[in-house]
Amino acid sequence: MLHIKDSLFEDLTAHYISALNLPPLSSKIFTYMVFDFEREGVTFEEIQENLCASKSSISNSLGQLVQIGLAEYITKIDSRKRYYRLNPEFVITRFEQQITQFQREHSLLERLIEYKKQVVEKEGADELGNVEIIKDYIKKTIENLEITLEKFKKNYKI
């Protein structure tokens, strides 16, 4: 059974507060679902029992997680309860957003380099600084994200 006082749970919760810009309880619920390795889903009651939060707070947080696409709910054939789990489509969306952001930055850096070359020629200076290094890093990051995204799409059963 998951111990929510584990440092890993606490560290992941803090990470998701920052990385996904989630409120603390939403981050705790999201983290709790991360530990649902079988993707069977967790019930509202299970979340309430383990996180010791009010029904309305949990309801609001679950609603937020579903609305922004981080979580989804399913209803099992033999049960009337909703089971909440991570939305695997979110990983795809997140990777695609990161790729788009890095592509935009890469394009802007290319424009900056071209502009700087024009200025350098006019002023007689010969150094482009670290902009090329950053641009190359971003290009490699885009390539790695694209490879990882393709692997995820092939191997992860949605």
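The values are calculated or read from the model by the stated rules, or taken from the named source; none is laboratory data. Keep in mind that this is a model prediction, so the values were computed, not measured. Cβ: placed from backbone, ideal geometry, glycine included. Neighbour counts: every protein chain shown.
Can you find a residue that is among the charged types (D, E, K, R), over 20 Å from residue 31 (Cβ atoms) and touching a residue at least 40 places away in the same chain (Cβ under 8 Å) anywhere in segment 86-102? Yes, some residue in segment 86-102 is among the charged types (D, E, K, R), over 20 Å from residue 31 (Cβ atoms) and touching a residue at least 40 places away in the same chain (Cβ under 8 Å). Within segment 16-27, not a single residue is in contact (Cβ under 8 Å) with a residue 40 or more places away in the chain and touching a strand residue (DSSP E or B) at 6+ places or on another chain (Cβ under 9 Å).
Quick test for you: out of 118, 103, pick the one residue that is in a helix (DSSP H, G or I), outside the structural domain of residue 44 (by TED's automatic domain parsing), at pLDDT 90 or above and out of contact with any His (no Cβ under 9 Å at 6 or more places or on another chain). Even if it seems obvious, please write down each step before you answer.
On the way: 118 fails: at pLDDT 90 or above.
From the options 118, 103, the qualifying one is 103.
Can you tell me which of 21, 50 is assigned to a helix (DSSP H, G or I) and either crowded, with 18+ Cβ neighbours inside 10 Å or outside the structural domain of residue 132 (by TED's automatic domain parsing) (or both)? Reasoning before the result, please.
On the way: 21 fails: assigned to a helix (DSSP H, G or I).
So the residue among 21, 50 that is assigned to a helix (DSSP H, G or I) and either crowded, with 18+ Cβ neighbours inside 10 Å or outside the structural domain of residue 132 (by TED's automatic domain parsing) (or both) is 50.
Just to be sure, is residue 69 within 27 Å of residue 98 (Cβ to Cβ) and part of a helix (DSSP H, G or I)? Here the answer is no, as residue 69 does not meet what is asked.
Which of the following residues is surrounded by 14 or more Cβ atoms within 10 Å (Cβ to Cβ), among the charged types (D, E, K, R) and out of contact with any Gly (no Cβ under 6 Å at 6 or more places or on another chain): 76, 116, 55?
The unique qualifying residue is 116.
Here segment 28-42 is the region considered, the condition is being surrounded by fewer than 17 Cβ atoms within 10 Å (Cβ to Cβ) and free of Cβ contacts under 8 Å to residues at least 40 places away in the same chain, and the residue that is nearest to the chain's Cα centre (by Cα) is 35.
Does residue 84 satisfy the criteria of being surrounded by 12 or more Cβ atoms within 10 Å (Cβ to Cβ), of a type in the set (Phe, Trp, Tyr) and not in a helix (DSSP H, G or I)? It is true that residue 84 is surrounded by 12 or more Cβ atoms within 10 Å (Cβ to Cβ), of a type in the set (Phe, Trp, Tyr) and not in a helix (DSSP H, G or I).
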